[in-house]
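Take a look at the structure set out below.
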Amino acid sequence: MMQRLLRDCCNFNAVLRLALVLCICLSALGAKAKSSSSSGLVNTNVIRTVDLQGLPFAREQVGVVVQNEHSSKVYKTYTVSVPLDKALWLSQLSVHERKSGEELQVTKVPVTEGSLQQLFQVTLRSGGLQPGEKLSLNIDALFVGGLAEPRPKAAKQYDDQVWHWEDHALALSVYPTRKQKTVVKTRGDILRFTKTAGDATMDGRKKVVFGPYTGQEEEEGRRVEVSFRDNAEQVEAMTHRREYFVSHWADDLNVLEHYAIRNSGPEIEGGFNKVEQMLSKHYKRRDNLVKTLLVKVPADARNMYFVDEIGNVSTSDVSKRRRQPSANGGDELFKVLQLQPRYPLAGGWNYTWWHGYSVPLHRYLKVSTATDSTQQQNRHLLRLPFIGSLAATASLENELTLAMANAQNTAVRAYELRVTLPEGAHDIDVQLPATISGEKNLELRPTKYYFDSIGRTVVVITHENIAPELAARHILVSYSYAPSALWMKPLVVAGALFALFMMASIVSRLQYGLAATPETTNKLSAAAKKQGLKKE
Amino acid sequence: MVNKVLGLTAADQASLLRIAILGLISLVAIGSRLYSVIRFESVIHEFDPWFNYRTTRYLVDHGFDKFWNWFDETAWYPLGRVVGGTLYPGIMVTSATIYNALHLINIPVDIRNVCVFLAPAFSALTAIATYHLGKEVKNATAGLLAAAFIGVAPGYISRSVAGSYDNEGIAIFLLVFTFFLWLRSVRLGSALYGALTAISYFYMVSAWGGYVFIINLIPLHVFALLAMGRFSNRLYVAYSTFYVIGTLASMQIPFVGFQPTFTSEHMAALGTFGLIQLVAFASFARTLVPENHFRTLLRGAVVSLFVVGLSGLVLLTMSGVIAPWTGRFYSLWDTGYAKIHIPIIASVSEHQPTAWPNFFFDLNMLIWLLPAGIYFSFSELSDNHVFLILYSIFAAYFASVMVRLILTLTPIVCVLAGVAMAHVFETYLNLRDVPAAAQLKAKATPDVVAATDAVKSLVDAVSDDTAIEDTDSASGHKKDGKRGKGAKKNAAKAVEPTSADGAATSSTQPSVPTSKELSPALKRFYALFPKFVVMTCFMFLLCMFQWHCSWITSTAYSSPSVVLSSRGPDGSHLIIDDFREAYYWLRKNTKPEAKVLSWWDYGYQLAGMADRTTLVDNNTWNNTHIATVGKIMASDEDTAYELARHHDVDYVLVVFGAMLGYSGDDINKFLWMVRIAQGVYPDDVKEEEFYNSQGQYAISDDASPAMKNSLMHKLSYYRFADVMGGQGFDRVRKQKLPTSVTLDNFEEAYTTENWMVRIYKVKDLDNLGRSHHAASKF
């Protein structure tokens, strides 16, 4: 599992750029050894901002000023280190040069045996870092969880959720660091934080600053903690699979979404209490149970359904058409599916289900009519959202607001996208969103579906740790599809039926008995007819 | 050709019509079984179907070999269950075959949908088989009527609605089809049909325990024919082929195994097989002995052999060589037997004796057409009719002692009602030649007599018909056509026009004979009026029948029982889905190896929907284990806790209806649990302790101490009074709620929306070694 996750992180190569320490890893020894071995580069100042305002998504922004103190060596790369336990949750890592704002290239380094760090190599700008030169870098890492956890682990159904962030006081780096501080921002009020050294100060009620730290030696291995209240729902989708089925016949694009989710909030202390739940409902008092899952679907979605492993779930609703400005300009028209799981999700409870709907295909499909010889004719271009959205809410209100549907509170750990193309589509070309590096996790898989004769192709893309940014991206699938391919299926079915009747006709004319009687012939023909009718 | 339509001769038209009608009947049969899918969804119903569904899934996922050797350690914990050897695999294999065939031609259906729609699909086949049976015993009209009846008869629909994925769903088709093949093989004396009967019987054996009905009824038929002195080579060939192949084949099913050689249920067939060999020998001997001596000799020998055989059987049974009848069979003879000796059988509602209104409810007008059908059978009394009479009498008896056996009665009722109705139609729908009939009767008589030589007798209606056909030139042509087909095996068949034939003829022909007669309008009116009245009445009854069937199907038999529905105060349709809510909660939020204790009713559903290990389930093979569960439920909290921990129980599930007024809940079943537990643990559990001082079964504060302390009571009412306030009321028992219910050893884990299912976690032992009571006080 870990290897899979790491391999996946490698796939961010295209996006990832420069390097620095994000956290001090558990082994201070390792860090020390590293710092002495690479004496040339020095972090003169590090400001680490841990942004916990959007839990379950957490952001670590590290601003670092790096100086080349080596007498002669020119450094072309900078190394960023992420502890392995956090790397499991890493969605994206990007590095920008602060001054120019230019994004630098990041390459994932394979984890060496026994190491507890995941290293990323950032290629500096042309010429590298000359001796004595200084450079400011912004390292931006996005995690889909794992940074904060509920503590106490169990609370009453209606208690406030208290979350706990804990990390090393010093950011982990392979280079020596002169001066650094850590800023932690939270969504709710901070209840407690580590104040031993007196160097931690609270800035307002939702921000704590640790540091500045200078003398590395005595700070090493020290951990700092922040406890804060955060009642927002947090859901982890352990697996999520989105499937598209393209049907040219029906001008229909079928969307199917599988989810297996878990409420990451605190568990219930002393077991579930039905009476409390009913009283909360009656008095409209908040509790921690996730009751509704909201899914935005296109306004022209139809034939919606909501099913889990043991059948239909009857408690669901769909909102009227809503409108809001979309990210890429213009208005977005959509409806909101309000799915109520069979049971409310308390902390630690799981739920698995799938839902689906149909949309008109022509809104997503373009057919190129280019006639020049180089361009293939009948080229079809599908432009599909890479991933949908899911928002969980614990609201007791009957009217759910748009803000609830827009809430980004579901972190997807393992994602799979499947696009099932129509039978006869060939020369398939897939263009992934820029944030996903291709090839390795893209697969074309043959499959057979209803009444297929030669089968069709499924484009399968897998991805791990999906952050909300990807939700707005699109995947482009282009393929060739001859108009005649549309007629293949009816012809095959008609041919099969014809063959069946032919066979019945032949069989009915055969005589089995030793002495042929007209009776048997008649009976058989009647039987054959009946068989034919039944088959139809 | 005058009567050619679409280039088809009258005979072809008739057969086309028959096929079309049968097709429509099939459609109606399937369609009327889909209420539950339309009202609810494509879901497996009730209890046993969940087991069948689960095993079918297993078969599809793991292949036949694994299925055959499947040891299910998640059932009957810690005993486990040898699934492959303790089930009738017919229905699973059928579904898996259909599933694989569909996937082979690239139709990737879900196995659940195959299972849900299997019973309706087979009901269409049943209708077709019934048509053939009806045609075999009378004619196509009777066959079509019988098919139409069985297509919608609630007695059969009750077990074959979409989602009712139970053995009976395919077994009734096999029952009817086996009987059809049997009758045909007896009529033709064909070894081929005898073998087909055996194969069909084998399929039936693989599908349902009710095969015992076939293996007793067919020998009985043979025996009756022998006793009537109707031995023939045809009978000998048919029965010998059937019995040998059928028995050998049936022994291939592991669950049946060698039973055909040593259990009482199968002895009649074996005895009859021996008897018919003797009779065959005797009839061979007959060629060597003078005729008049022989008859007396034979009859005497048959009777004495029967007596000797029977007493031998009784002796062997008593000495234990032949296994005695099982409890379920005893309860077929003595309806009070089970209640005294095997409470677990008596506790199942479908094993109760049938209430009389049930017959009318399930069969409507067919139930009074049955005697008419029996009467007509007696009046003809061919070998086939003997069978019909025997079948109807025995099935009627069994149906009256056990509710669920109305199912086996339904096919014969439909066939006999079809026969009776066909007679009515033939008599009263013959409008062509009302006045002519009387005149021509004399002329017709010789023909009739000729015809009746082959069959024992013919009713007047048919002879009327025959007369007209023989004199009418156009009909004569039609008859030639039939003769051309060579469709006659005997005279009876030749003179029976199907109603479709009749209709086709009358519609394409001007009524020549009537115009010849030139009778006054009044005479015509007198002749036609009674027919008109009778037919109107019958058409009305038929319409009422169809209406009744649809109504019964829709209101009584289309509820999945897994999902309930009710009407809100404003008339809106409310779905109550608490069972699946609870099962899905267990499925997703408990560890996969968790053991769930519940009353056995919910065992199959727990295994199927929650996918968790259960202690007891609907298989009910181990009475002691069930009694242990009953004892846990009936014990006080500490004893129950100890027992539950002893059995590795992680969760306890109870069904509780007081919130909604759902009367099928565990508190109402509780007395059965107590009785079953008492049967095994008479010292620990006593039924009388659960009645209060007034001798009532109370649950509120005036309940008996044993009741109030019992685990079932506590788990049901724990915290319930809190939500109902001080004036709480149990909507099922119509009693006040108990005011203080404490629970220390168990912890509420989940309670569904309407409180219908409550799940409790068995607490771990206290860290400090205290009792949970002490810990909670602390």
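Nothing in this text is a laboratory measurement; each read-out follows from the coordinates by a stated rule. Quick caveat: nothing in here was measured; it's all calculated off a predicted structure. All Cβ positions, even for glycine, are placed from backbone atoms using ideal geometry, and neighbour counts span all protein chains on display.
A few remarks follow.
- Total formal charge among the other residues, if their Cβ is under 9 angstrom from that of B:G229, Lys/Arg +1 and Asp/Glu -1: +3
- The translational diffusion coefficient of chain B, from Stokes-Einstein at 4 °C and 1.567 mPa s with a Kirkwood hydrodynamic radius over alpha carbon pairs, comes to 44 µm²/s.
- The angle between the Cα long axis of helix B:578-589 and the main principal axis of chain B comes to about 60°, on a 0 to 90 degree scale.
- Just so you know, the Cα atoms of region B:690-751 work out to an Rg and Dmax of 11.5, 35 Å.
- Crossing angle, helix B:406-428 versus chain B [Cα axis fit, 0-90 degrees, rounded to tens]: 30
- Across peptide A:268-276, the mean count of Cβ atoms from other chains lying within 10 Å of each residue's own Cβ comes to 6.
- Within the shell defined by Cβ-Cβ distances under 9 Å, the residues around A:E257 carry a net charge of +1, with Lys and Arg each +1 and Asp and Glu each -1.
- Around the amide H of B:F656, modelled in the peptide plane, lie the amide H atoms of B:D666, B:V757, B:R758, all under 5 Å away and 5 or more residues distant in sequence or on another chain.
- Degrees between helix B:111-137 axis and first principal axis of chain B (Cα, 0 to 90, nearest 10): 30
- In terms of Cα atoms, the Rg and Dmax of region A:395-464 work out to 17.8, 51 Å.
- Three-way shape label, region B:641-715, alpha-carbon gyration tensor, a/c 1.5: oblate
- Once backbone amide H atoms are built at 1.01 Å from N, A:V318 has A:Q338 as its partners under 5 Å, excluding neighbours fewer than 5 places away on the same chain.
- q = 0.15, 0.19, 0.24 Å⁻¹: log10 I(q)/I(0) that the Debye formula gives for region B:152-246, counting C-alpha atoms only: -0.59, -0.83, -1.13
- Backbone phi angles across region B:361-378, fed through the Karplus curve with coefficients 6.51, -1.76 and 1.60 (θ = phi - 60°), yield HN-Hα couplings of 4, 8, 10, 6, 5, 4, 5, 8, 7, 4, x, 4, x, 5, 4, 5, 5, 5 Hz in residue order; Gly and Pro are listed as x.
- For peptide A:303-312, the mean count of partner chain Cβ atoms within 10 Å of a residue's Cβ comes to 5.
- As a rough footprinting exposure proxy, the listed residues B:M204, A:M502 were ranked by other beta carbons within 10 Å of their own, and the order from fewest upward is A:M502, B:M204.
- Charge tally in the Cβ shell below 9 Å around B:S190, where Lys, Arg are +1 and Asp, Glu are -1, B:S190 excluded: +3
- Computed over region A:235-481, the alpha-carbon pair-distance distribution with 5 angstrom bins reads 1, 5, 12, 16, 18, 16, 12, 8, 5, 4, 2, 1, 0, 0, 0, each value a whole percent.
- Under 5 Å from the amide H of A:E69 lie the amide H atoms of A:L41, A:V42, A:G132, each residue being 5 or more positions distant or on a separate chain, with H modelled from the backbone and absent for Pro and chain starts.
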